[in-house]
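Scroll down for the structure; my scribbles are underneath it.
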Amino acid sequence: MYKYIIRRVLVFIPMLFALTVIVFGLALLAPGDALTGQSLADPNVDPEVYEQQREALGLNDPIPVQYFRWISAAVQGDFGNSMVFNGRSVAELIEARFANTLYLGLFSLAITIIVAIPIGIYSARHPYSLLDYGATGFGFFGLSIPNFFFGLMAIYFLSIKLGWFPAQGTMSTPGLTGWEAFFNRLHHMFLPGITLGLAGTATYMRYMRSEVLDVLGSDYIRTARAKGMSERNVLYKHTLRNALIPIITLMGFEIGVLLSGAVITEQVFQYPGLGTLFLSSVTNRDYPVVMAIAMILGVLILIGNLLADIFYSIVDPRIRYD
Amino acid sequence: MTTKTDETIYNQPDKNNSMEKNKSPFQIAMHRFTRNKMAVISVFVLLAIIIICILAPVFTDINPEETNLLLIEKGPSEEHILGTNGLGQDNFSRLLYGGRISLIVGFSAMFFTLVIGVLLGSLAGYYGGKIDNIIMRATDIMLMLPFLVLVLTIMAIVDKVTIGLFVSIIALTSWPNLTRIIRGSYLSLREQEFILSAQAIGASDFRIIAKHFIPNAIGPIVVNATLMMATYIIIESALSFIGFGIPQPTPTWGNMISEAQNIRILRNNPEAWIPPGLGILITVLAINFIGDGLRDAFDPRSNQR
C-alpha cells in the first residue's frame, strides 16, 4: 500500500509539470502580451518604446526562460498583475473570490450528500417501489437538464414569482455580522447551491443505489443475516461501510465536474466567485488571471484525484496495483 | 441472491431462447432494447424532434436570422407565436432552426470524438507496449485539465467561433474518456483464442481490428456514443449560454436561452427562453433513456436489476 501511495505521489509531480506547461503554452498562443499585464499595442505609441518595454520585461527572452520565470513566481503565489482591474495583483483578486466559490461548492456538496445518500439507500432496499421509480426518474431529470436552465427556472419561479429567495449576490447588506450574516449568506446560496448540486445529486444517488444493491447481494451479508444479526446492524456495520467507499472516491474524481458546474452556475446567479471572475477575464482577455485560475482549478482536480486514489488504497486492502 | 439469479438466468429454459440462438449478439441486443418501454418511447420522441427541426421551413416562413429593430422583445402575437428577442428576431423560427444546429453540433461532435476515440483506443489496446504507453499518458494529461477551463481558454484565443471550429474543439478535448473505455474492452479481447487464430492465419492488423475487435466492443461504443451526444448538446448550450458557443446570428437553443441573462427578458418574456430550455431537456432526456436502454440491452448481466 505504501509503495503504491509513494508511486502515486511521484506520478503527481510530472502531471503537475505538464499542467503548468499546457497553461503556459495556451497563454503564449494567445494574441497580445499575455504574461506582462500590459495591453495590446496602442497605435499612438512609438513602436520603439514598446520594444524597449518588451526587452525590459523579458518578453524577448527565450520561451523556456520565460516559462521558468513565470513558474517560479507562480509557486510563490505571485501570478503577476491583472490587465483589467487597474493592475491589481492577480493573487489579491483571486483571494477575494476563492472563498465564495469554496462556500458554494461545499454547500452544494452538503445538499448532494444529505439528499442523495439516504434516497440511494432507500431505493436499493426497496427496489421497484414507487419511491425508487420516482428517484430514478429524478435522476434522469437531474442529469438531463442543463444546470443554467434549471437555475433560470429557479430564479423565475422561486425568486421572481414567489419571492422566496434572492436571485443574485452573496449578502443583502454588507454590514451584517455573526449568525445573521451566516443565515443571510445561506439564504443567498440556496438557489445556486441546489442548481450546482442537482447533477451531482442525481449521479451520487444512482451510484449509491447500485453500490448498496451490490453489497446487499454479497455472501457476507447473507452470512451476517444468517447468524441473526439485526437488519439495522447489517445495514450500518456491513452494507454502508462498504458501499460508501466508491462514493467517497467518486467525490475526489467529481471535483472537476463540480468546479466546471460552478463556473456556469455562478454566471447564472451573478455570484461573485472564481467562475464569474474567470469568465469575465476570458472575455476581457485578461490572461494573467485566466492562467492563474486555470492553474488553481487544474491543481485542485489533480489533488482530488490523488486523494481519491490514496483513500481507495487505504480503505480497500484488496486493491493491489503492480 | 445475486449468484442465484445469475444461475437461473443462464439455466432457465427461456421461451425466446430458441429464437435467439440464430441471432447475432447485436440482434439480441436490439431485441432486448425493444422491450424497454421508456427507451422505445424515447426513440419516437427523438425522431419527432428531429423531423420537426428538419421540416422547420414548413412550420414557419420567417428567417431566423433576420433582425427587425421595430420588433424588439415583443410578447407573443399571431405572427410571432413566441414573440421576438432583443434583436427583433422571431423566437419560434429560432426555436426550430436552433434545434437543427443544436442537434447537428451534438451529433457531429459525437461522431468526431468517436472517430478519434476508436482510432486511439484501438491503437493503444491492440498494439500495447510503447504506443499504448504514449496514448495513455496523453489521455491522463487531457483528463486532468478541467474541460470547461480548457475549452474556454481556447475559445478566448480563437477569434470567431464557427460551427466547424466548435465541433473540432469539443472533439479534440473530449476523446480521452472514450479512448480509455475502448482500450479497456480490447485488453480482455486481446488474450482470447479467436484473435490468436486470426493472427495465425495471417489476417492484417486492420482486418483484425475492424472485423473482430470493434464488433466485440460495439456495446460500450454505442452506449457511450449515445450518452456523449446528450452531453454535447448540453455543453453546446452551456457554452452558448455564457457567450462562448456558436455566436449570433446563428440560432441555437443555448444562445436563445442566453437572452434570459437580461433580467428584463427573464422576468417578462418567459416564452422566449423556456421553450428552447424544454427543447434541450426533452431531447437530452430522450437520448439518455435510449442510452440507458442500450446499456441494458448490451449488458447480459443487466437482467438481474
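The values are calculated or read from the model by the stated rules, or taken from the named source; none is laboratory data. Quick caveat: nothing in here was measured; it's all calculated off a predicted structure. Glycine also receives a Cβ, built like all others from the backbone with ideal geometry; neighbour counts cover every protein chain displayed. What goes into the accessible areas is simple: the full protein's heavy atoms, side chains included, and nothing from ligands, DNA or RNA. Shrake-Rupley method; radii C 1.70, N 1.55, O 1.52, S 1.80 Å.
Tabulated data
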quantity: Scope the stretch A:263-277; condition part of a helix (DSSP H, G or I) and either of a type in the set (Val, Ile, Thr) or more than 7 Å from every other protein chain (Cβ to nearest Cβ) (or both); matching residues; calculated: A:Val263, A:Ile264, A:Thr265, A:Glu266, A:Val268, A:Phe269, A:Leu274, A:Gly275, A:Thr276, A:Leu277
quantity: Criterion (surrounded by fewer than 20 Cβ atoms within 10 Å (Cβ to Cβ), touching a residue at least 12 places away in the same chain (Cβ under 8 Å) and over 30 Å from A:Ile293 (Cβ atoms)) met by exactly one of B:Leu114, B:Leu96, B:Leu87, B:Leu103; calculated: B:Leu87
quantity: Some residue of the stretch B:253-271 being away from every other protein chain (no Cβ under 11 Å), open to solvent by 20 Å² or more (accessible area, probe 1.4 Å) and modelled with pLDDT of 85 or more; calculated: no
quantity: Tally, over the stretch B:138-150, of residues that are part of a helix (DSSP H, G or I) and either at the interface with another protein chain (Cβ under 9 Å from one of its Cβ atoms) or crowded, with 20+ Cβ neighbours inside 10 Å (or both); calculated: 9
quantity: Among residues of the stretch A:248-267, those that are aliphatic (A, V, I, L, M) and crowded, with 20+ Cβ neighbours inside 10 Å, counted; calculated: 6
quantity: Residue check, A:Phe141 under 28 Å from B:Asn268 (Cβ atoms), in contact with a Phe, Trp or Tyr (Cβ under 7 Å, 6 or more places away or on another chain) and surrounded by fewer than 22 Cβ atoms within 10 Å (Cβ to Cβ); calculated: no
quantity: Unmet criterion (only one of (1) modelled with pLDDT under 85; (2) part of a helix (DSSP H, G or I)) for B:Asp159; calculated: (2)
quantity: Number of the exception - A:Tyr156 against (1) open to solvent by 40 Å² or more (accessible area, probe 1.4 Å); (2) over 24 Å from A:Leu258 (Cβ atoms); (3) within 14 Å of chain B (Cβ to nearest Cβ); calculated: (1)
quantity: Condition met for B:Phe194 (in contact with a His (Cβ under 8 Å, 6 or more places away or on another chain) and open to solvent by 30 Å² or more (accessible area, probe 1.4 Å)); calculated: yes
quantity: Hits in the stretch B:226-247 - residues which are among the hydrophobic types (A, V, I, L, M, F, W, C) and open to solvent by 10 Å² or more (accessible area, probe 1.4 Å); calculated: B:Leu227, B:Met228, B:Met229, B:Ile234, B:Ile235, B:Ala238, B:Ile242, B:Phe244
quantity: Filter pass, A:Tyr128 being open to solvent by 60 Å² or more (accessible area, probe 1.4 Å) and in a loop (DSSP other than H, G, I, E, B); calculated: yes
quantity: Residue count for the stretch A:268-286, restricted to those that are at pLDDT below 85 and open to solvent by 10 Å² or more (accessible area, probe 1.4 Å); calculated: 3
quantity: Any hit, the stretch B:147-159, residues being of a type in the set (Ser, Thr, Tyr) and within 20 Å of B:Glu259 (Cα to Cα); calculated: no
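Conditions tested, residue by residue: (1) part of a helix (DSSP H, G or I); (2) within 26 Å of A:Gly252 (Cα to Cα); (3) within 14 Å of another protein chain (Cβ to nearest Cβ).
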{"position": "A:Phe183", "(1), (2), (3)": "yes, no, no"}
{"position": "A:Leu186", "(1), (2), (3)": "yes, yes, no"}
{"position": "A:Phe190", "(1), (2), (3)": "yes, yes, no"}
{"position": "A:Gly197", "(1), (2), (3)": "yes, yes, no"}
{"position": "A:Thr203", "(1), (2), (3)": "yes, yes, yes"}
{"position": "A:Glu211", "(1), (2), (3)": "yes, yes, yes"}
{"position": "A:Arg225", "(1), (2), (3)": "yes, no, yes"}
{"position": "A:Gly228", "(1), (2), (3)": "no, no, no"}
{"position": "A:Arg232", "(1), (2), (3)": "yes, no, no"}
